[in-house]
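Engineer: Following this message is one structure expressed as structure tokens.
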Amino acid sequence: MPLSPSIVERLNRSRADLRMGVPVVLTEGGRGVLVVAAEALDAPRLAELRLLGGTPVLAITGHRAQTLKTPAYDGDLARVLIPANAGVAWIRALADPSDDLKAPMKGPLRTERGGSAALHRAALVLVKSAQLLPAALVLPVERPLALAAENSLTLIEAEAAEPELYRAAPLYPVISARLPMAASEAGRVHVFRPEDGGEEHYAIEIGKPARDAPVLARLHSACFTGDVLGSLKCDCGPQLRAALAQMGAEGAGVLLYLNQEGRGIGLANKMRAYSLQDQGFDTVEANHRLGFEDDERDFRLGAGLLKRMGFSAVRLLTNNPGKMRMLAANGIEVAERVPLKVGETAHNAGYLATKAEKSGHLL
């Protein structure tokens with residue numbers, strides 16, 4: 001029906017529900033589960049879920065399971081059985097590593113093995129896409145379709161959702177306007193909105209770069225702490241300003257400002273990672289303890305934006321070979337890598353060394 005939400009629209013609705021602690025129903029092949037984000041779970045809702053019967057589990061990623069020293073029988077995830085007397089605090093302690101060192105888990109934790117983990121995997125992908133901690137309470141339920149209808153819960157069919165969860169959402173132009181900047185008076189900002197209802201992304205065009213030659217370009221991931229607050233823990237702010245300054249000096253260029261804060265995990269999780277770094281973990285170790293990959297960003301967004309703006313080749317301002325590979329794999333020729341070595345401080349020397357050693361950055 002034309003008025004009914006599409007799977008893309010229902011996925012966006014489910015993200016909002018999960019962020020507010022509202023359960024979502026996932027189905028596959030006649031089976032169904034209730035899913036609640038661990039960090040948004042409260043005691044009244046946990047009590048209501050238990051009245052439904054069944055054995056709830058906490059789905060966590062393989063990285064988080066390794067931190068908790070519990071086996072991940074499903075490889076990329078573990079299904080931790082939740083004891084009948086466990087409360088919200090116990091569940092959140094498994095999901096959030098903030099107090100791992102202050103209050104180590106006693107264990108041993110019991111993890112489920114056997115049977116399909118497909119719905120648990122889909123639950124984790126969905127929770128991560130909502131920029132929440134990758135930990136989800138999953139409860140098998142009877143009559144999932146009726147349960148969703150009776151309780152006005154968002155229903156997601158995993159088979160239909162999976163392609164949408166992994167594809168790069170198309171971006172559509174909203175508006176562009178002239179913006180004189182310190183780097184160049186000949187500036188223009190383009191705003192693009194993704195089809196899936198996610199965050200908007202921006203292109204800052206300097207001058208009038210030719211479309212038939214490699215354009216000086218940078219894919220810059222949003223960094224509130226570095227770009228706005230002048231954080232000394234990273235080199236993002238200096239990279240942003242240096243890239244714009246070089247484009248201004250050359251008279252042409254395009255900077256894509258991608259809203260993928262904290263390597264794609266969001267500002268709240270980025271600050272959780274910073275808190276872990278204060279405990280002695282490096283940036284990669286902190287991400288793993290939270291349950292994330294080293295880098296959760298999707299640079300297909302950048303390739304899509306460049307194509308939409310008419311560019312097919314770039315001189316890329318970057319120290320990250322991963323950006324070059326991703327652009328090349330998605331149809332953008334990287335004619336030249338332009339190094340961008342600025343912003344090293346006493347506060348971020350270790351961070352930069354980790355980027356070079358563990359993430360392959362060319363520093």
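The values are calculated or read from the model by the stated rules, or taken from the named source; none is laboratory data. Remember, it's a predicted structure, so these values are computed and weren't measured experimentally. Cβ coordinates were reconstructed from backbone atoms using ideal geometry, including for glycine residues, and neighbour counts include every protein chain displayed. Side chains are part of the model used for accessible areas, which takes the heavy atoms of the whole protein and leaves out ligands, DNA and RNA. Shrake-Rupley method; radii C 1.70, N 1.55, O 1.52, S 1.80 Å.
Engineer: Hey, can you tell me all the residues within the stretch 213-268 that are β-branched (Val, Ile, Thr) and farther than 23 Å from SER312 by Cα?
Structural biologist: Matches in the stretch 213-268: THR225, VAL228, ILE265.
Engineer: Quick check: anything in the stretch 187-196 free of Cβ contacts under 8 Å to residues at least 40 places away in the same chain and open to solvent by 50 Å² or more (accessible area, probe 1.4 Å)?
Structural biologist: So far as the stretch 187-196 goes, yes, one or more of its residues are free of Cβ contacts under 8 Å to residues at least 40 places away in the same chain and open to solvent by 50 Å² or more (accessible area, probe 1.4 Å).
Engineer: Got a sec? Which of ALA210, ALA148, ALA203, ALA222 is at negative phi, open to solvent by 30 Å² or more (accessible area, probe 1.4 Å) and among the hydrophobic types (A, V, I, L, M, F, W, C)?
Structural biologist: Going through ALA210, ALA148, ALA203, ALA222 in turn, the sole match is ALA210.
Engineer: Can you tell me which residues in the stretch 92-125 are among the hydroxyl-bearing types (Ser, Thr, Tyr) and at pLDDT 90 or above?
Structural biologist: Across the stretch 92-125, the qualifying residues are THR111, SER116.
Engineer: Looking at LEU132, LEU153, which is the one that is out of contact with any Phe, Trp or Tyr (no Cβ under 8 Å at 6 or more places or on another chain) and over 18 Å from VAL57 (Cβ atoms)?
Structural biologist: LEU153
Engineer: Let me ask you something else. Could you check, for the stretch 156-179, whether at least one of its residues is farther than 27 Å from GLY29 by Cα, buried (at least 17 other Cβ atoms within 10 Å of the Cβ), basic (Lys, Arg) and without any contact (Cβ under 8 Å) to a residue 40 or more places away in the chain?
Structural biologist: The answer is no; no qualifying residue exists.
Engineer: Something else now. Given the options ALA47, ALA84, ALA89, name the one that is at pLDDT 95 or above, more than 20 Å from the chain's Cα centre (by Cα) and surrounded by fewer than 13 Cβ atoms within 10 Å (Cβ to Cβ).
Structural biologist: ALA47
Engineer: Right, another one. Before we move on, is ARG272 open to solvent by 20 Å² or more (accessible area, probe 1.4 Å), part of a helix (DSSP H, G or I) and within 26 Å of ILE60 (Cβ to Cβ)? If you could, list the steps in order and put the result at the bottom.
Structural biologist: Working: open to solvent by 20 Å² or more (accessible area, probe 1.4 Å): yes; part of a helix (DSSP H, G or I): yes; within 26 Å of ILE60 (Cβ to Cβ): yes.
When the stated conditions are applied, ARG272 passes them.
Engineer: Name the single residue, out of those in the stretch 322-355 being in a helix (DSSP H, G or I) and touching a Lys or Arg at 6+ places or on another chain (Cβ under 8 Å), that is modelled with the lowest pLDDT.
Structural biologist: So the residue we want is TYR351.
Engineer: Specify the residue that is least open to solvent (accessible area, probe 1.4 Å); the eligible residues are those in the stretch 123-143 that are within 28 Å of the chain's Cα centre (by Cα) and not aliphatic (A, V, I, L, M).
Structural biologist: Within the stretch 123-143, the match that is least open to solvent (accessible area, probe 1.4 Å) is PRO134.
Engineer: Looking at the stretch 243-260 only, could you name the residues that are more than 14 Å from the chain's Cα centre (by Cα), under 15 Å from GLY226 (Cα atoms) and open to solvent by less than 10 Å² (accessible area, probe 1.4 Å)?
Structural biologist: ALA243 - this is the single residue of the stretch 243-260 that is more than 14 Å from the chain's Cα centre (by Cα), under 15 Å from GLY226 (Cα atoms) and open to solvent by less than 10 Å² (accessible area, probe 1.4 Å).
Rundown of residues vs (1) among the hydrophobic types (A, V, I, L, M, F, W, C); (2) within 26 Å of ALA203 (Cα to Cα); (3) in contact with a helix residue (DSSP H, G or I) (Cβ under 8 Å, 6 or more places away or on another chain); (4) surrounded by fewer than 22 Cβ atoms within 10 Å (Cβ to Cβ), yes/no style:
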{"site": "ASP282", "(1), (2), (3), (4)": "no, no, yes, yes"}
{"site": "LEU290", "(1), (2), (3), (4)": "yes, no, yes, no"}
{"site": "GLU296", "(1), (2), (3), (4)": "no, yes, yes, yes"}
{"site": "PHE299", "(1), (2), (3), (4)": "yes, yes, yes, no"}
{"site": "LEU316", "(1), (2), (3), (4)": "yes, yes, yes, no"}
{"site": "MET324", "(1), (2), (3), (4)": "yes, yes, no, yes"}
{"site": "ARG337", "(1), (2), (3), (4)": "no, yes, yes, yes"}
{"site": "ALA346", "(1), (2), (3), (4)": "yes, no, no, yes"}
{"site": "GLY360", "(1), (2), (3), (4)": "no, no, yes, yes"}
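Engineer: Residue by residue through the stretch 213-245, note down the ones that are modelled with pLDDT under 95 and acidic (Asp, Glu).
Structural biologist: ASP235 - this is the single residue of the stretch 213-245 that is modelled with pLDDT under 95 and acidic (Asp, Glu).
Engineer: Residue under question is ARG263, and the condition is that it be touching a Gly at 6+ places or on another chain (Cβ under 6 Å), open to solvent by 20 Å² or more (accessible area, probe 1.4 Å) and at pLDDT below 95; does it hold?
Structural biologist: Taking the combined requirement at face value, the residue does not satisfy it.
For (1) part of a loop (DSSP other than H, G, I, E, B); (2) within 30 Å of SER275 (Cβ to Cβ); (3) in contact with a His (Cβ under 6 Å, 6 or more places away or on another chain); (4) of a type in the set (A, V, I, L, M, F, W, C), each residue gets a yes or a no:
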| position | (1), (2), (3), (4) |
| --- | --- |
| LEU165 | no, yes, no, yes |
| ALA168 | yes, no, no, yes |
| ALA177 | no, no, no, yes |
| ARG193 | no, no, no, no |
| GLU205 | no, no, no, no |
| LYS208 | yes, no, no, no |
| GLY230 | yes, yes, no, no |
| MET247 | no, no, no, yes |
| LEU256 | no, yes, no, yes |
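Engineer: Here's something else I'd like to know. For the stretch 101-117, enumerate the residues that are surrounded by 17 or more Cβ atoms within 10 Å (Cβ to Cβ) and out of contact with any Phe, Trp or Tyr (no Cβ under 9 Å at 6 or more places or on another chain).
Structural biologist: LEU109
Engineer: Here's a follow-up. Which ones in the stretch 20-44 are open to solvent by 10 Å² or more (accessible area, probe 1.4 Å), within 17 Å of THR154 (Cβ to Cβ) and without any contact (Cβ under 8 Å) to a residue 40 or more places away in the chain?
Structural biologist: Within the stretch 20-44, just MET20 meets the criteria.
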